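Below: the structure, in structure tokens.
Only the coordinates and a few stated rules stand behind these numbers; no lab work does. The model shown is predicted, which means the values in this text are computed figures rather than measured ones. Cβ sites come from the backbone with ideal geometry, for glycine too, and all protein chains shown count toward neighbours.
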Amino acid sequence: MFESFRDGLRAAVIGSTGGIGGAFVRHLEQDARVASILATSRSPREGGGKVCTIVLDTADEAGIERAAEKAGALDLVIVATGILSDGDALRPEKSWRQLDPQAMSRVLAVNTIGPALIAKHFLGKLAKDEKSVFASLSARVGSIEDNRLGGWHAYRASKAALNQLIRTLSIELRVRNPGAVICGLHPGTVDTALSRPFQNNVPEERLFTAEKSTARMLAVLDHLGPEQSGGLYAYDGTRIPF
């Protein structure tokens, strides 16, 4: 899986109890070349073996800083957090008339500010002597150029802002750690709790299991080099325009 990563890979998965985050942990845990995995989540989860678990809320910057210190040097950081809806309390907008400041603040806090704070404290932990990668789940609907349908205002805006942060951070990272990569990942439509309310019109062949999506995204990360840093990449390796 990780031909271009070192043996003894040290990884961190932020948001490890979600459908996609959990699948990332399972893939990494099964790879003999992965030495250790720091798996964080808002609620406790079982660890053991090569998996060390930490309870972490990405709104808690002090907690993020402590987690980064505990992690030490890393070769791979994956941010697998995100929010789209939450029952009647939060739904993607179909019209500008549905825009709500509290809902927007919540979506931006989880999808944009949280990953930004993770980057603030974890980018400096990326190894400098071998390939290292910081990847955050984004979404194709965050592409401004690719937006043809409108709607989903807060979610689109939060992912567009995340994409801009990734691009901006890549410029500084290139100076501080030229061999490192930072990128956004579009997982496709994955059969998880996040997408389940919105799967009705998704063709069966385009609805992925978490295991399939994460396997493909890990393959994409394996082939990215510093020259691709700062981009948004789909599960099939294609670059998505911002």
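Using only alpha carbon pairs under 8 Å that are at least six residues apart, calculate the relative contact order of region 1-94 and give it in whole percent.
Reported relative contact order: 31 percent.
Would you mind checking which residues have amide H under 5 Å from F208's amide H? H placed 1.01 Å from N; only 5 or more apart, or other chain.
So F208 has HN proximity to T189, V190, D191.
Would you mind checking the tilt of helix 210-223 against the longest principal axis of the Cα atoms of the chain, expressed as 0 to 90 degrees and rounded to 10?
60
If each of I144 and E130 carries a label point 7 Å out from its Cα toward its Cβ, how far apart are those two points in nm?
3.9
Step through the residues of region 27-38 one at a time and calculate ³J(HN,Hα) from phi using the Karplus curve (6.51 cos²θ - 1.76 cosθ + 1.60, θ = phi - 60°), rounding each to whole Hz and writing x for Gly and Pro.
For region 27-38, the Karplus-derived couplings read 4, 5, 5, 7, 8, 5, 7, 8, 8, 8, 9, 8 Hz, x marking Gly and Pro.
Would you mind checking which residues have amide H under 5 Å from F134's amide H? H placed 1.01 Å from N; only 5 or more apart, or other chain.
Here the answer is V77, V181, I182, C183, since their amide H atoms fall under 5 Å of that of F134.
For region 60-152, what relative contact order do you get, as a whole percent, if you take Cα pairs closer than 8 Å and at least 6 residues apart?
About 46 percent, as a whole number.
What net charge is computed for the residues neighbouring R26, neighbours being all others with C-beta under 13 Å from the C-beta of R26, Lys and Arg scored +1, Asp and Glu -1?
-1
Is there a pair in K50/K159; K125/K212; K131/K159; K125/K159; K50/K70 whose C-alpha atoms are over 21 Å apart, and which pairs would that be?
K50/K159; K125/K212; K131/K159; K125/K159
Neighbouring Cβ atoms within 10 Å as the yardstick, rank K125, K131, K159 fewest first.
Arranged by neighbour count, lowest to highest, K125, K131, K159 become K125, K131, K159.
Please report the relative contact order for the chain, taking Cα pairs under 8 Å with a sequence separation of at least 6, and give it as a percent rounded to a whole number.
Dividing the mean separation by the residue count of the chain yields 20 percent.
Out of residues 5 or more away from T53 or on other chains, whose amide H comes under 5 Å of its own, with H placed 1.01 Å from N in the peptide plane?
A39, G48
Extending each Cα 7 Å along its Cβ direction at Q30 and Q164, get the distance between those two points in nm, one decimal.
4.0
Can you tell me how region 9-240 classifies by the Cα gyration tensor, rounded, prolate or oblate, using a/c under 1.5 as the rounded cut?
rounded
With runs of 4+ DSSP H residues as the only contributors, calculate the mean residue ellipticity of the chain at 222 nm using -39,500 (n - 2.57) per run, divided by the residue total and rounded to the nearest 500.
Estimated from H runs of four or more residues: -10000 deg cm²/dmol.
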